1. From (1) farther than 28 Å from Ser15 by Cβ; (2) of a type outside the set (Val, Ile, Thr); (3) surrounded by 14 or more Cβ atoms within 10 Å (Cβ to Cβ), pick out the condition that doesn't hold for Leu123.
2. Give me the residue from segment 109-127 that is within 12 Å of the chain's Cα centre (by Cα) and of a type in the set (A, V, I, L, M) and, out of that set, modelled with the highest pLDDT.
3. Can you name every residue in segment 1-19 that is modelled with pLDDT under 85 and part of a strand (DSSP E or B)?
4. Only one of these conditions is not met by Glu33: (1) of a type in the set (D, E, K, R); (2) modelled with pLDDT under 85; (3) under 14 Å from Ile117 (Cα atoms). Which number is it?
5. Would it be correct to say that Val70 is at pLDDT 90 or above and under 26 Å from His109 (Cβ atoms)?
6. How about segment 73-111: which of its residues are loosely packed, with under 15 Cβ neighbours inside 10 Å and either among the hydroxyl-bearing types (Ser, Thr, Tyr) or under 23 Å from Ser15 (Cβ atoms) (or both)?
7. Checking Arg45 against (1) surrounded by 14 or more Cβ atoms within 10 Å (Cβ to Cβ); (2) at pLDDT below 85; (3) not polar (S, T, N, Q), only one condition comes out false. Which one?
8. I'd like to check something: does segment 66-83 contain any residue that is in a strand (DSSP E or B), of a type in the set (Val, Ile, Thr), free of Cβ contacts under 8 Å to residues at least 40 places away in the same chain and touching a Leu at 6+ places or on another chain (Cβ under 7 Å)?
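The values are calculated or read from the model by the stated rules, or taken from the named source; none is laboratory data. This structure is a prediction, so every number in the text was calculated from the model and none was measured. Methodologically, a virtual Cβ is constructed for each residue, glycine included, from the backbone with ideal geometry; neighbour enumeration extends over all protein chains shown.
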Amino acid sequence: MMKIKFRAWDKDKKSLLPVKLIDFFQWLVSCGEGSIERNSFKNERTDRHVLMQCTGVKDRNNKDIYDGDVLYHQMQGKREVYYPFMEHVAAFGLRNVENGMAGDLSDSHIYEIIGNIYENPELLGGE
């Protein structure tokens, strides 16, 4: 059985934090060294933390791959990990950064994590 893991991007501190606790009934999250704080984390535009779930698969260096990671393969280029892959299937997908073509994570073991969309927006062509 896969262990469900999350991490969070803290927009105020501009840092990636481990998630210790999530209470979806009271909308509470405990990240890093901080205390539990009320945070709806339902709307990425207005909330302080953006939660990223572990996909359950690893890259070629045996690192956990999370939603929002950017992967790289010498022959296939950069791919962004995103959710959902398809509207009717609960699965993560890979989106080609250059052309937007989508695929699944079935061959994730050939890629290497080179960053994520929050700490490294330039990997997607952003600022």
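1. Only one criterion is unmet by Leu123, namely (1).
2. Ile113
3. Correct list: Asp10 only.
4. Only one criterion is unmet by Glu33, namely (3).
5. Details: at pLDDT 90 or above: yes; under 26 Å from His109 (Cβ atoms): yes.
Here the answer is yes, as Val70 does meet what is asked.
6. Selection gives Tyr83, Ser106.
7. (1)
8. Residues of segment 66-83 in a strand (DSSP E or B): 66, 69-73, 77-82.
Then drop every residue that is not of a type in the set (Val, Ile, Thr), which leaves 70, 81.
Still in the running and free of Cβ contacts under 8 Å to residues at least 40 places away in the same chain: 81.
If we keep only those that are touching a Leu at 6+ places or on another chain (Cβ under 7 Å) too, we end up with 81.
Checked segment 66-83: at least one residue is in a strand (DSSP E or B), of a type in the set (Val, Ile, Thr), free of Cβ contacts under 8 Å to residues at least 40 places away in the same chain and touching a Leu at 6+ places or on another chain (Cβ under 7 Å).
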